[in-house]
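The values are calculated or read from the model by the stated rules, or taken from the named source; none is laboratory data. These numbers come from a predicted model, not from an experiment. Positions of Cβ are generated from backbone atoms using ideal geometry, with glycine treated the same way; all protein chains shown enter the neighbour counts.
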Amino acid sequence: MKLAAAFVQALHPRFIPFTALVLAAFFSGCASRPKPAVQYCADGREAPEWTKKGAAAFPGDAGRTLYGRGEASRVHNHSLLRKLADRRAMADLARKLNAGVKALMTDYAASTSAADQEGHEQRAESARRTLVNESLDGAVMVDGCEEAEKGIYYSLAKLDADAFTASLDKHKDVDLKMKEYIRANARRAFESREKEVGRGK
């Protein structure tokens, strides 16, 4: 404000009233601009950042953890509301894991010889389904938040890259070379999927 006052004084006298009016309106608008309302969970804590941003709220976990965010509303039964949000969080996680595994298998196929690629597509499709479905057994629900005023429940699921790679040995539909490739590159796949989420994809 002091700087603005000095600026007004430096102007030609005939411009001072108009300039002062413009500056007054500007600063008044800045001061009266409403702040975003703070949302709270039913348990009294401020709604976590992930309820709005999902995986983008955890930039430091890229390459180590996949997150799935789910939300549900318009369900009066609280237990069903939470279960629906949990299922949607797991579905979001499964979608990312599926995309990540598919990308890894595509890269793996490109790195193999023509002879090894024969029949690869069919084997890879079967292996991908097995990997995704069984790997989700290692996923866990880690948080939940109910915004009671809005009637919305948010759920957060996660799967660690270490848990994913540790489960590879039990997948009999995946050949050894493919397992080794996936194990070596799993973190890269996890990182790329969450980066895409951070860009709003």
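Close contacts from the stretch 170-186, counting a first residue that is at pLDDT 80 or above and a second that is of a type in the set (A, V, I, L, M, F, W, C), with Cβ to Cβ under 6 Å and a gap of 6+ residues or different chains, come to 179/168; 182/104; 183/168; 185/104; 186/161; 186/164. Of the residues making up the stretch 136-158, those that are of a type outside the set (A, V, I, L, M) and under 17 Å from residue 78 (Cα atoms) are 143, 144, 145, 146, 147, 149, 150, 151, 153, 154, 155. Scanning the stretch 152-174 for residues that are of a type in the set (D, E, K, R) and buried (at least 16 other Cβ atoms within 10 Å of the Cβ) returns 158, 160. Scoring residue 124 on the criteria (1) crowded, with 16+ Cβ neighbours inside 10 Å; (2) out of contact with any strand residue (DSSP E or B) (no Cβ under 8 Å at 6 or more places or on another chain); (3) outside any helix (DSSP H, G or I) leaves a single failure, condition (3).
Would you confirm, using the coordinates I've provided, whether residue 150 is under 30 Å from residue 45 (Cα atoms), of a type outside the set (A, V, I, L, M) and at pLDDT 85 or above? Give the derivation first.
On the way: under 30 Å from residue 45 (Cα atoms): yes; of a type outside the set (A, V, I, L, M): yes; at pLDDT 85 or above: yes.
For residue 150, the condition - under 30 Å from residue 45 (Cα atoms), of a type outside the set (A, V, I, L, M) and at pLDDT 85 or above - is met.
Here 156, 93 are screened, and the one residue that is touching a helix residue (DSSP H, G or I) at 6+ places or on another chain (Cβ under 9 Å), closer than 15 Å to residue 189 by Cβ and modelled with pLDDT of 90 or more is 93.
Looking only at the stretch 50-76, filter to residues that are basic (Lys, Arg) and more than 10 Å from the chain's Cα centre (by Cα); which one of those is nearest to residue 190 (Cα to Cα)?
64
Scanning the stretch 134-151 for residues that are exposed (fewer than 13 other Cβ atoms within 10 Å of the Cβ) and part of a helix (DSSP H, G or I) turns up just one, 137. Residue check: residue 165 meets all listed conditions (1) touching a strand residue (DSSP E or B) at 6+ places or on another chain (Cβ under 6 Å); (2) modelled with pLDDT of 85 or more but one, namely (1).
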